[in-house]
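The values are calculated or read from the model by the stated rules, or taken from the named source; none is laboratory data. The shown structure was predicted, so the numbers you read here are calculated from the model rather than taken from an experiment. Cβ placement follows ideal geometry from the backbone for every residue including glycine, while neighbour counts extend to all protein chains displayed.
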Amino acid sequence: MAGDRLARSEGNRAEVHWLELKQKMYSRGIPPSLNELKDCIKEACEELDTETIRGWLQELRLMEKIIEENGNPIQQYFNKI
């Protein structure tokens, strides 16, 4: 996926994850009601496997560290989080 490669290079995987989840939510079209939208969101989330969720959480920890360091190089933290 081209967006996936772009987001990795920019360190912005969170947007890619949201897009992937959104694609699953709307894979059958736009839900006609709020309740059906909620059902689509629940189904998309339930389809996520544990490894995917763990990977996302790991990336969030990395993003937190980048924010704490004001965007400065954080190479020394890569193996610690």
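Some observations on this one:
- Identity of the residue in region 60-76, farther than 20 Å from Trp18 by Cβ and under 21 Å from the mean Cα position of the chain (by Cα), that ends up modelled with the highest pLDDT: Glu68
- Among the residues making up region 27-51, those that are among the hydroxyl-bearing types (Ser, Thr, Tyr) and either in contact with a helix residue (DSSP H, G or I) (Cβ under 9 Å, 6 or more places away or on another chain) or not in a helix (DSSP H, G or I) (or both) are Ser27, Ser33.
- Where a residue in region 38-55 is farther than 12 Å from Glu20 by Cβ and its partner, wherever it lies, is of a type outside the set (S, T, N, Q), with Cβ under 6 Å and at least six apart: Cys40/Met25; Cys40/Pro31; Ile41/Met25
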